[in-house]
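Asks: Please find one structure pasted underneath; my questions will follow.
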Amino acid sequence: MKKLFIQTYGCQMNLADSEEMAAHLLARGYVPTENLEEADLALINTCTIRDHAEHKALSFLGRLRKWKRENPSRIIIFAGCAAQRLGNRLKKTFPYLDLVSGAKEIDRFAELLDHSGLFSTNPAEPNPATQSVTGYVTIMRGCNFACSYCIVPSVRGPVHCLPSQQILRQAAQKAAEGYPEIVLLGQTVNAWQEEGKTFADLLNEVSALPGVERVRFVSPHPAFITPQFLAAVENNPKIARHIHLPVQSGSTKVLQEMKRGYSRETLLEKLDALKERGFAISTDIIVGFPTETPQDFEQTLSLVERVHFSAAYCFKYSPRQGTPAAQMQLHTEKTLEERLDILLNKVKGLAESAYRVQIGKPVQILMESPNKGRTSDNFWAKTKKSYPVGSMVNSIVEDVDDTLLLTRD
Ligand code: SAM
Ligand code: SF4
């Protein structure tokens, strides 16, 4: 049997896209391998959100030159956001590349494979490749925002919401296959809508499916944290009490220049409403946006302190060709490094205390291995006894070991 090696860069949406593409390759007779040396096909699913992410994917592709030379019948597919941005230009620099498939072409991936002439077998029904407690379901693609630093709208296109019938069918299938946790995915996932139906309705419908124990969603946008959404989560314990809500900055001025569509004040109102409902909140922050002054950066630090994020992914601003912010005057690398360092230190301290305050609290853990799992608010927890993977365990937090809750159970 031919073997498939997958290298994925970037976000959870990319992981889900890799899973979808892999299913089509498995249907063409491939079996997955984690060993590149024994593989017959390498699928690289790429990210271009920051220059560094794109570089990593391209340097991996560069290393495959020798791999292909060793056995020219091997196949290389370069897919995803960097593939969308760079297109067939890539074949000039990397002539040994067999197929380029951009992020916008994910729905046509099977067709592309068929037209490539690389595969002779008649495809079987696609089957998912991964095994865990979490089933990913993409509910929308693209983005209708135009944040001034971001390349996503240009590589993924405008919003396209998938029909609720299809989403519910996929989620039900995942639950029946043994995935008790469903994660709904989209670039602005909570912007999902359909005639007569909101994201809040969809959350309730997915969580009511047989076998679904917990529902998460990534990445929501603050603009769609609505009273309806808050009411839905309040009344539905299956919706996890954790939200990854990218804030990007704590300064109203920078948020405006980023074209985020909210101010510090409206953001704080929404974050407070989520905290009142028991949500742990993690976030994304960009440091060193071109117009960010030391005072603006202080505003971000004070927001981080005020909100007490359970985790924050902090990025140095990276100019992306074709975005409005890429025309602006950049900060020096030294300033970016300094600000990132200060922010990371603050975030680390806060995350540690977010774990410590859990001591004494009741938790519900979805087991991902016999002794470890994640709580509804997305903290890792270690149990004393062993439990079946996929079971839900109720316990109380007794102690903390670094970033691991230790339960009484
Ligand atoms: N759609 C999500 C939102 O707006 O909340 C974010 C999705 S984006 C794929 C993931 C993260 O990458 C963003 O939240 C942002 O912090 C970061 N990011 C995007 N463009 C960036 C850039 N040009 N430089 C640095 N970080 C960037
Ligand atoms: Fe990029 Fe903004 Fe869209 Fe998020 S909302 S994907 S940051 S343009």
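Values quoted throughout were computed directly from the atomic coordinates according to the rules given, and no laboratory measurement underlies them. What you are looking at is a predicted structure, and each value in this text was computed from that prediction instead of being measured. Cβ sites come from the backbone with ideal geometry, for glycine too, and all protein chains shown count toward neighbours.
Asks: Counting only residues 5 or more places away or on other chains, whose amide H sits under 5 Å from the amide H of Phe217 once H atoms are built in the peptide plane?
Replies: Leu184
Asks: Sequence-distant or interchain residues sharing an amide H contact under 5 Å with Lys2, placed H: which?
Replies: The answer is Val31.
Asks: As I understand it, the dipole of the range 39-186 uses +1 on the Cβ of Lys and Arg and -1 on the Cβ of Asp and Glu, about the Cα centre. Which of Ala171, Tyr149, Leu184 lies farthest toward its positive end?
Replies: Going by the Cα projections, it comes out as Tyr149.
Asks: Taking θ = phi - 60°, what integer Hz values does the Karplus form 6.51 cos²θ - 1.76 cosθ + 1.60 yield along the range 235-250, in sequence order, with x for Gly and Pro?
Replies: So the J values, rounded to whole Hz, are 9, 9, x, 6, 7, 4, 8, 8, 9, 9, 10, x, 9, 6, 7, x.
Asks: With a Förster radius of 51 Å, plug the Cβ-Cβ distance of Glu305 and Arg108 into 1/(1 + (r/R0)^6) and report the FRET value to the nearest 0.05.
Replies: Working: r = 47 Å, r/R0 = 0.92.
FRET efficiency, Glu305 to Arg108: 0.65.
Asks: Taking GluC sites (Glu not before Pro) as candidate sites, keep only those in a DSSP loop with at most 16 other Cβ atoms within 10 Å, then name the longest stretch of the chain containing none of them. Display every interim value, and only then the final one.
Replies: Working: sites that count: Glu34, Glu177, Glu195.
So the longest stretch without any such site is 196-409.
Asks: Less than 19 Å from a label point 7 Å out along the Cα-to-Cβ axis of Ser116: which backbone N atoms in the range 49-63 qualify, by residue?
Replies: The answer is 57-63.
Asks: For the modelled label position 7 Å from the Cα of Asp201 along Cα-to-Cβ, which residues of the range 233-259 have backbone nitrogen atoms closer than 16 Å?
Replies: It comes to 233, nothing else.
Asks: Which Cys residues of the chain have no other Cys Cβ less than 4.7 Å away and so no disulfide-compatible partner by this rule?
Replies: Cys11, Cys47, Cys81, Cys143, Cys161, Cys314
Asks: Now for a different question. Can you list residues whose amide H is under 5 Å from Leu162's amide H, if they're 5+ apart or on another chain and H is modeled 1.01 Å from N?
Replies: Met140, Arg141
Asks: Is there a quick way to get the dipole size of the chain? I mean about its Cα centre, with the Cβ of Lys and Arg at +1 and of Asp and Glu at -1; what is the value in debye to the nearest 20?
Replies: Details: 48 positive and 46 negative charges, 146 e Å.
Once rounded to the nearest 20, the dipole reads 700 debye.
Asks: Another one. Any idea what diffusion coefficient the chain gets from Stokes-Einstein, in µm²/s, Kirkwood Rh on alpha carbon pairs, 20 °C, 1.002 mPa s?
Replies: 94 µm²/s
Asks: Give the total of Lys-Lys pairs in the range 163-299 with Cα-Cα distances below 19 Å; include a pair only if its members are 8 or more places apart or on different chains.
Replies: Values: Lys174/Lys238; Lys238/Lys275; Lys253/Lys270; Lys259/Lys270.
Lysine pairs satisfying the spacing and distance rule in the range 163-299 number 4.
Asks: State, in angstrom, two size descriptors of the range 101-203 derived from its alpha carbons: Rg to one decimal place and Dmax to the nearest whole number.
Replies: Calculated on Cα positions, Rg and Dmax stand at 15.9, 45 Å.
Asks: Note down the magnitude of the dipole of the range 30-173 about its Cα centre, charges +1 on Lys and Arg C-beta and -1 on Asp and Glu C-beta and zero elsewhere, to the nearest 20 debye.
Replies: Details: 17 positive and 13 negative charges, 126 e Å.
Result for the range 30-173 is approximately 600 debye, rounded to the nearest 20.
Asks: When a footprinting reagent is the concern and you count Cβ atoms within 10 Å, what order do Arg63, Arg28 take, fewest first? The partial results should precede the final answer.
Replies: Numbers: Arg63 10, Arg28 20.
Fewest-to-most ranking of Arg63, Arg28: Arg63, Arg28.
Asks: In nm, to one decimal, how far is the modelled label at Ile342 from the one at Ala146, with both set 7 Å along Cα→Cβ?
Replies: Distance between label points: 3.3 nm.
Asks: Taking a quarter of the surface of the convex hull around the Cα atoms of the range 305-407, what do you get in nm²? Present the calculation step by step, with values, prior to reporting the outcome.
Replies: Values: hull surface 36.5 nm².
Across all orientations, the range 305-407 yields a mean hull projection of 9.1 nm².
Asks: Apply the Karplus curve 6.51 cos²θ - 1.76 cosθ + 1.60, θ = phi - 60°, to the phi angles in the range 314-320 and return the couplings in whole Hz, x for Gly and Pro.
Replies: For the range 314-320, the Karplus-derived couplings read 10, 10, 6, 4, 10, x, 10 Hz, x marking Gly and Pro.
Asks: Continuing with the same structure: Mind listing the Cα extents of the range 31-103 along all three principal axes, in Å, largest one first?
Replies: That works out to 31, 25, 18 Å along the principal axes.
Asks: What's the extension gain from Glu269 to Gln173 if we count 0.36 nm per residue and subtract their Cα-Cα distance? It would help to have the intermediate numbers written out before the result.
Replies: Numbers: separation 96, 0.36 × 96 = 34.56 nm, distance 3.74 nm.
Answer, rounded to one decimal: 30.8 nm.
Asks: Quick one: Karplus J couplings for the range 24-41, per residue in order, coefficients 6.51, -1.76, 1.60, θ = phi - 60°, nearest Hz, x for Gly and Pro?
Replies: 5, 6, 4, 5, 9, x, 8, 10, x, 9, 9, 10, 4, 4, 9, 7, 9, 9
Asks: Can you list, largest first and rounded to whole Å, the semi-axes you get for the range 201-357 by taking the square root of 5 times each eigenvalue of its Cα gyration tensor?
Replies: Details: eigenvalues 189, 62, 38 Å².
Taking √(5λ) for each eigenvalue gives 31, 18, 14 Å, largest first.
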